[in-house]
Amino acid sequence: MKKTCSFAIIHMLVAFTVGFVLTGDFWVGSALALVEPACNTVAYYFHEKWWNRGSRGGEQRVPVTA
């Protein structure tokens, strides 16, 4: 859990820095630091669902004989 939290903080800092550097506006950087990671989290959820569905379809089942 510590690693997840530290990654989230780094992600938000990067989003803020990029927004601030590109626009020079503190509030735009702040908005990006909140909105972009939230959108990315939702996108990641659906990506994982899609990825897992694709990997299940490609598996070959080997019959077990006793």
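The values are calculated or read from the model by the stated rules, or taken from the named source; none is laboratory data. The model shown is predicted, which means the values in this text are computed figures rather than measured ones. Here the Cβ is made from the backbone with ideal geometry for all residues, glycine too, and neighbour counts use every protein chain on show.
Looking across region 1-31 at every residue that is loosely packed, with under 12 Cβ neighbours inside 10 Å and of a type in the set (Gly, Ala, Ser), the one that is modelled with the lowest pLDDT is identified as SER6.
There is no residue in region 45-57 that is among the hydrophobic types (A, V, I, L, M, F, W, C), at pLDDT below 90 and under 13 Å from the mean Cα position of the chain (by Cα).
Among the residues of region 1-18, those that are over 15 Å from ALA38 (Cα atoms) and part of a helix (DSSP H, G or I) comprise LYS2, LYS3, SER6, THR17, VAL18.
Contact map, region 24-36: residues that are free of Cβ contacts under 8 Å to residues at least 12 places away in the same chain and at negative phi paired with residues that are part of a helix (DSSP H, G or I) and crowded, with 17+ Cβ neighbours inside 10 Å, Cβ distance under 8 Å, separation 6+ or inter-chain. Pairs shown: ASP25/GLY19; PHE26/PHE20; VAL28/GLY19; VAL28/PHE20.
Scanning region 50-59 turns up no residue that is touching a Gly at 6+ places or on another chain (Cβ under 7 Å), part of a helix (DSSP H, G or I) and either among the small types (Gly, Ala, Ser) or exposed (fewer than 10 other Cβ atoms within 10 Å of the Cβ) (or both).
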